[in-house]
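In what follows, a single structure is set out as structure tokens and then discussed.
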Amino acid sequence: MPDMTLVGLCGALRADSSNRKLMFEAARLFDGNSFAELDLRFPLFDEDIQNESGIPAKVQAAADAIAEADAVLVVTPEYNKGISGVLKNALDWISRTEGSPWRDKPVALLSAAAGRAGGERAQNMARLCLSPFRPRLLTGPEVMLAQSRQQFDDSGRLTNERTERLLSEQMQELQREVARMRG
């Protein structure tokens, strides 16, 4: 299906993060028409900011991009056995926007972590945080990249063939979900 748009939320801000590399590999394998990484450098959520100034422009732009996209990638590192503050803050802000940008949106969760579980706890927490928004979260295959710093070459491509196959399968499932939604 050639005309699909995909956006990605990466819970790690570091330019060279394994999670960002995993997100770009997923986007490459999704093979849609366009991909955009959302800028999650939002102010810390504070209802006083919202009441005084409204929804920040960056937050509204992210919510609009999610609403307009055919599918979304949510990629999370595991920090202290949970999702990053960056990702939680983004979810909190986006939940305050008008409409329901996540509603019925096909979403794939991915995680990369230095440990051997590959961010399993963070992925479970991300599911819990997303569920009130009622997206169409893929149930599988789950992609949790363990020992992530050793899993990419110098150009940011996955070196683990098994993970690449699994990621490819997940992106194919995401495309099938988009097709079902367009139905």
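The values are calculated or read from the model by the stated rules, or taken from the named source; none is laboratory data. Since the model is a prediction, treat every value here as computed from it, not as a measurement. Note that we place each Cβ from the backbone using ideal geometry, even for glycine, and neighbour counts take in every protein chain shown. Each accessible area value is taken on the protein alone, full model and side chains, heavy atoms only, with ligands, DNA and RNA left out. Shrake-Rupley method; radii C 1.70, N 1.55, O 1.52, S 1.80 Å.
Observations, loosely collected:
- Scanning the range 47-96 for residues that are β-branched (Val, Ile, Thr) and open to solvent by less than 50 Å² (accessible area, probe 1.4 Å) gives 55, 59, 66, 72, 74, 75, 76, 83, 86, 94.
- Summed over the range 79-115, residues that are among the aliphatic types (A, V, I, L, M), modelled with pLDDT of 95 or more and part of a loop (DSSP other than H, G, I, E, B) total 1.
- Residue within the range 37-46 that is open to solvent by less than 60 Å² (accessible area, probe 1.4 Å), modelled with pLDDT of 95 or more, in contact with a helix residue (DSSP H, G or I) (Cβ under 7 Å, 6 or more places away or on another chain) and among the aliphatic types (A, V, I, L, M) present: yes
- Flag: residue 139 does not match the condition of being buried (at least 19 other Cβ atoms within 10 Å of the Cβ) and either hydrophobic (A, V, I, L, M, F, W, C) or free of Cβ contacts under 8 Å to residues at least 40 places away in the same chain (or both).
- Scanning the range 148-173 for residues that are polar (S, T, N, Q) and in a helix (DSSP H, G or I) gives 148, 150, 163, 168, 170, 172.
- Taken over the range 142-167, the criterion of being under 29 Å from residue 89 (Cα atoms), surrounded by fewer than 18 Cβ atoms within 10 Å (Cβ to Cβ) and small (Gly, Ala, Ser) is satisfied by 156 alone.
- Which numbered condition residue 118 fails, given (1) open to solvent by 10 Å² or more (accessible area, probe 1.4 Å); (2) at pLDDT below 90; (3) of a type outside the set (Val, Ile, Thr): (1)
- Beta carbons closer than 9 Å, at least 6 apart along the sequence or on distinct chains, pair a first residue in the range 70-95 that is in contact (Cβ under 8 Å) with a residue 40 or more places away in the chain and of a type in the set (Lys, Arg) with a second that is open to solvent by 10 Å² or more (accessible area, probe 1.4 Å) and assigned to a loop (DSSP other than H, G, I, E, B) for 88/45.
- Output for the range 22-36, where each listed residue is at pLDDT 95 or above and open to solvent by 50 Å² or more (accessible area, probe 1.4 Å): 24, 28, 35
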